[in-house]
1. Being in contact (Cβ under 8 Å) with a residue 60 or more places away in the chain and open to solvent by 10 Å² or more (accessible area, probe 1.4 Å) is the requirement here; does Asp192 meet it?
2. Does Cys170 qualify as being more than 12 Å from the chain's Cα centre (by Cα), open to solvent by 30 Å² or more (accessible area, probe 1.4 Å) and more than 30 Å from Cys190 (Cα to Cα)?
3. Would a scan of the stretch 128-141 turn up a residue that is open to solvent by less than 20 Å² (accessible area, probe 1.4 Å) and either assigned to a helix (DSSP H, G or I) or closer than 23 Å to Ile199 by Cα (or both)?
4. Within the stretch 30-63, work out how many residues are of a type in the set (S, T, N, Q) and within 22 Å of Tyr276 (Cα to Cα).
5. May I ask you to list the residues in the stretch 65-93 that are open to solvent by less than 10 Å² (accessible area, probe 1.4 Å), under 16 Å from the mean Cα position of the chain (by Cα) and not polar (S, T, N, Q)?
6. Quick check on my filter: what residues within the stretch 201-232 are in a helix (DSSP H, G or I) and among the polar types (S, T, N, Q)?
7. For the structure I just gave you, tell me whether Val34 is aliphatic (A, V, I, L, M), open to solvent by 10 Å² or more (accessible area, probe 1.4 Å) and modelled with pLDDT of 95 or more.
8. Quick one: which residue in Leu115, Leu102 is under 18 Å from Val151 (Cα atoms), touching a residue at least 12 places away in the same chain (Cβ under 8 Å), part of a helix (DSSP H, G or I) and within 10 Å of the chain's Cα centre (by Cα)?
Amino acid sequence: MVSMENKNNVTEFILRGLTQDKTVAKVCFSLFLVFYATTILGNLLIIIIIKTSEQLNSPMYFFLSYLSFVDISYSTVAAPKLIYDLLVEKKTISFVGCIAQLFAGHFFGCTEIFLLTVMAYDRCVAICKPLHYTNTVNKHVCGWLVAASWVGGFVHSVVQTLQAIQLPFCGPNEIDHYCCDVHPLLKLACTDTYITGVIVAANSGVISLSCFVVLIVSYAVILVSLRRRSSEGRLKALYTCTSHITVVVLFFGPCIFIYMRPSTTFSADKMVSVFYTIITPMLNPLIYTLRNEEVKNAMKKLWSRKVKRSEK
């Protein structure tokens, strides 16, 4: 077996980043720094509220706390490096660092896809089979579903990383992106990458598309079951699903655009990637808190407890 050192002349990659314009880069630095801070604080707040509130003990909030943790992790894979690179002239990343970033990005990204699918299943059972909900989606089942999401994300990421790590790189080493991903690396490989590209598209694209189809079917079943309810019951059920549907559209749309296609790159890819790696993780806690009375009430109680402690 040929060693990696013999296959590759490349020890580091140069990232072109989001923009070459220094003025635009400074504006982006300020924006993304605020976005990343909001992502960390917003998702941490969601986790703290769910863990400390006695009212938020249903499976939906159990899954939401893990979604917030994944959002923090997923954003951290790319955002700090992107923010730092906006202020430096030469944006470099080692070969090992690039592969690690690729692995982590796909690991947390795919885990989020599976978690969103699990949350749709939870809503489907809660609305369509309310009498069997507590027995069907119990703590044991919730734990297994979350564990399966993590394992699924890990397996997917291993497959993607193995495809990239086996490629020979002999130069050039400039990646037209702000982070390491499979498609930009395929473009630099010194070999025919058609088969690898098909495997990558099948792995990422099929997972994204199949989970999206499962989500659509779940909500179709919910809509059909709601026809037998009163108008008030329909509105209440739809209200609880709206936040999740919004997050699904914001996350799955860009993912399908990037990965459900052959190994080609478009000029819009970087901006689309920014959306699902930085913007969506920031919006998720806002979407779930602004449209959820239970979370807002728990937040108010947490705040009032802190105020009372500070007054003592």
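The values are calculated or read from the model by the stated rules, or taken from the named source; none is laboratory data. Keep in mind it's a predicted model, so treat the numbers as computed, not measured. Cβ coordinates were reconstructed from backbone atoms using ideal geometry, including for glycine residues, and neighbour counts include every protein chain displayed. With ligands, DNA and RNA removed, areas are computed over all heavy atoms of the protein, side chains included. Shrake-Rupley method; radii C 1.70, N 1.55, O 1.52, S 1.80 Å.
1. no
2. Criteria not met by Cys170.
3. For the stretch 128-141, residues open to solvent by less than 20 Å² (accessible area, probe 1.4 Å) and either assigned to a helix (DSSP H, G or I) or closer than 23 Å to Ile199 by Cα (or both): absent.
4. Number of matching residues: 4.
5. Those that are open to solvent by less than 10 Å² (accessible area, probe 1.4 Å), under 16 Å from the mean Cα position of the chain (by Cα) and not polar (S, T, N, Q): Leu67, Val70, Asp71, Ala78, Ala79.
6. Passing the criteria: Asn203, Ser204, Ser208, Ser210, Ser218, Ser225, Ser231.
7. Considered against the rule, which asks whether it is aliphatic (A, V, I, L, M), open to solvent by 10 Å² or more (accessible area, probe 1.4 Å) and modelled with pLDDT of 95 or more, Val34 comes out as yes.
8. One residue alone meets the criteria, Leu115.
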